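Taking it in order: structure first as structure tokens, then the write-up.
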Amino acid sequence: MRDPFVSASHDISQINILRLIKIRDLKIGILLRFFWGHTDIEDVIKSTKEAGVKTLISVTEVASEFERVIQLSKIYPDLVAPCLGIHPVQGCGSQNHRSVTLQDLEPALPLFQKYREDIVAIGEIGLDFTPWYATSAEQREEQQRVFKKQLEISKELDLPVNVHSRSAAKATIAVLKEQGIGCALLHNFAGRCSVAMEGVQAGYYFSFPPAVCRSEQRAKLIKRIPLENICLETDSPALGPDKHVRNEPKNITLSCEYIAQVKGITPERVLEVTTQNALRLFPKIKKIINKCSSNGITTVITP
């Protein structure tokens, strides 16, 4: 079978009532990254489901991946939710990384409209001012033009956005607020606490992968950001607990446990709140989650 993995995806699970014992198993995740070409997708899907993950929000980085992520959602309609966007760094997965241009966005524009009924969000979009990617003011300005254009599309389609903000946290949140964006997820956020609180005040969400256990700075962020503004992510295959081992969606539980430890609360509480956060942020995933309500498992989605 052809491997349908694409460059990036987000793993989201739902509240469900476990068969027989009727105990709520609350699991949720937001970001995972896979590259088209993995040969063990069936094993990964199996372990993902066994970990309680019910929906993968699969995101793109380049225009050539749009059709692939849609295909992935057709192969696994009860698991994968497509999210389309152009990343601020192009050439991902290769050695020729460079800052995005409007020319990179051009071929994607008609596809946003073509798949407007299928997609659950716009992403991965944003800003990346890492010096070796954006080497000049002109490149940073072009990134902002591409970002703003996709934010306009998200507003037109009434969809949330999944946002990258490496080395550009303050500028990214400023653009989001300037453009009147109300529903945004800042994934793998690594900005200052003061900048994060600006996002919190704007109603944005922040997600953290298993790799945060290796960063004191992220622990400070997790302590400051209210749980009501946090989602879980894996960022697979990167940013796992061991940087030398491929990360997978099943590791979403590690993010949950670490956040619980940092905040001094139970993992069950983290799962409950972050699940509801994701359902508010990505309301269209409820349709996919409801497809999973079979074989004696009852899905419960609260407003």
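The values are calculated or read from the model by the stated rules, or taken from the named source; none is laboratory data. The structure displayed is predicted, hence computed values, not measured ones. Every residue, glycine among them, receives a Cβ derived from its backbone with ideal geometry; neighbour counts consider all protein chains shown. The protein model used for the area step is the full one, side chains on, heavy atoms only, and it has no ligands, DNA or RNA in it. Shrake-Rupley method; radii C 1.70, N 1.55, O 1.52, S 1.80 Å.
Here are a few things to note about the model shown:
- Some residue of the stretch 65-74 being over 21 Å from residue 278 (Cβ atoms), assigned to a loop (DSSP other than H, G, I, E, B) and without any contact (Cβ under 8 Å) to a residue 40 or more places away in the chain: no
- For the stretch 235-250, residues that are part of a loop (DSSP other than H, G, I, E, B) and either modelled with pLDDT of 80 or more or at positive phi (or both) total 8.
- Residue 288 crowded, with 18+ Cβ neighbours inside 10 Å and over 22 Å from residue 122 (Cα atoms): no
- Set 266, 253, 274: member being at pLDDT below 90 and not basic (Lys, Arg): 253
- Selection from the stretch 236-252 of residues that are open to solvent by 10 Å² or more (accessible area, probe 1.4 Å) and either in contact with a strand residue (DSSP E or B) (Cβ under 7 Å, 6 or more places away or on another chain) or not acidic (Asp, Glu) (or both): 237, 238, 239, 241, 243, 244, 245, 246, 250, 251
- Any hit, the stretch 184-195, residues being among the small types (Gly, Ala, Ser), in a strand (DSSP E or B) and on the phi > 0 side of the Ramachandran plot: no
- Against the list (1) touching a Phe, Trp or Tyr at 6+ places or on another chain (Cβ under 7 Å); (2) at pLDDT 50 or above, the condition residue 35 fails is (2).
- Pairs where the first residue, in the stretch 236-248, is free of Cβ contacts under 8 Å to residues at least 40 places away in the same chain and the second is of a type in the set (Ser, Thr, Tyr) and open to solvent by less than 30 Å² (accessible area, probe 1.4 Å), C-beta under 9 Å, 6+ apart: 240/234; 246/236
- Conditions (1) assigned to a helix (DSSP H, G or I); (2) within 28 Å of residue 182 (Cβ to Cβ); (3) open to solvent by 10 Å² or more (accessible area, probe 1.4 Å): number failed by residue 213: (2)
- Pick from the stretch 216-235, criterion of a type in the set (D, E, K, R) and buried (at least 18 other Cβ atoms within 10 Å of the Cβ), ranking: nearest to residue 191 (Cα to Cα): 218
- Residue list for the stretch 253-273, restricted to those being within 21 Å of residue 47 (Cα to Cα), in contact (Cβ under 8 Å) with a residue 60 or more places away in the chain and buried (at least 17 other Cβ atoms within 10 Å of the Cβ): 253, 255, 256, 271
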